[in-house]
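To start, the structure under review is shown below, and the notes come after it.
The values are calculated or read from the model by the stated rules, or taken from the named source; none is laboratory data. All values derive from a computational prediction rather than experimental measurement. Here Cβ is always computed from backbone atoms with ideal geometry, including for glycine, and neighbour counts include all displayed protein chains. Each accessible area value is taken on the protein alone, full model and side chains, heavy atoms only, with ligands, DNA and RNA left out. Shrake-Rupley method; radii C 1.70, N 1.55, O 1.52, S 1.80 Å.
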Amino acid sequence: MNQSFNLPSKLVHWISALVIFGLLAIGLSLEDMPKGPEKFALLDLHKSFGLLALLLLIIRIPVRIKNPVEPLASISAKDHKKAKAIQGLIYLCLAIMPLSGIIMSWFGGHPVAFFGLEIPSLLAENHDLHEVFEEVHGITAWVLMALLVAHIGAALYHHFIVKDETLKRMSLKK
């Protein structure tokens, strides 16, 4: 097993991070925007990048499985299990977010497009189910933000307090 993550794992991780933080920022700003052309344009961008995040997750899983990294000796088995649990929950949220967003849009009678390429709706308009998936999407966003705070906080803790290789293993610098 490797001591450090390989380049594809690192690239998918950091590109995903940029996309996810952008999506969360856009999603939060959409909450208070009045309906209008600006909101709909931002919403279309949000949907496109949400689909990109889903594609990155689909790429990330086999890349990580094919390139396992051994746990650092400085991390206890208990802390390693906690880190894996948080990562697993982050992955789960990264799947739920775009899927619930797509389903919410379709139930709301709204198109979903990937940078202009429309994905045909598989669902009929249904206001009640639209509301359910809107709630799922919103709750999952808050859970994801909490998990990201824990993930980033742990990485920074290990880098600055424990002073181990945790963060360096995901660094793009060699």
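Below, the figures for the structure above:
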{"item": "Entries of LYS78/LYS163; LYS84/LYS163; LYS78/LYS173; LYS47/LYS168 with Cα pairs more than 26 Å apart", "result": "LYS78/LYS173; LYS47/LYS168"}
{"item": "Per residue accessible area of segment 5-155, 1.4 Å probe, in Å²", "result": "59 Å²"}
{"item": "Point-to-point label distance, LEU24-LEU99, nm (Cα→Cβ direction, 7 Å offset)", "result": "2.1 nm"}
{"item": "Accessible surface of the chain [probe 1.4 Å, protein heavy atoms]: carbon and sulfur percent", "result": "71 percent"}
{"item": "Kirkwood Rh, Cα atoms: Rg over Rh of segment 28-119", "result": "1.13"}
{"item": "Mean Cα-pair separation over length for segment 56-174, i.e. relative contact order, pairs under 8 Å, 6 or more apart, %", "result": "24 percent"}
{"item": "Relative contact order of segment 1-137, defined on C-alpha pairs under 8 angstrom at six or more residues apart (%)", "result": "27 percent"}
{"item": "Partners for LYS10 among aspartates and glutamates (Cα-Cα distance below 19 Å; same-chain residues under 8 apart left out)", "result": "GLU70, ASP164, GLU165"}
{"item": "Cα gyration tensor shape of segment 107-174, rounded if a/c is under 1.5, else prolate or oblate by comparing a/b with b/c", "result": "oblate"}
{"item": "Alpha-carbon radius of gyration plus Dmax, which is the widest Cα pair, for the chain in Å", "result": "18.1, 54"}
{"item": "Accessible heavy-atom area order of HIS110, HIS159, HIS127, highest first, probe of 1.4 Å", "result": "HIS127, HIS110, HIS159"}
{"item": "Mean ellipticity per residue at 222 nm, deg cm²/dmol - from DSSP H runs of n ≥ 4 across the chain, formula -39500 (n - 2.57)", "result": "-24000 deg cm²/dmol"}
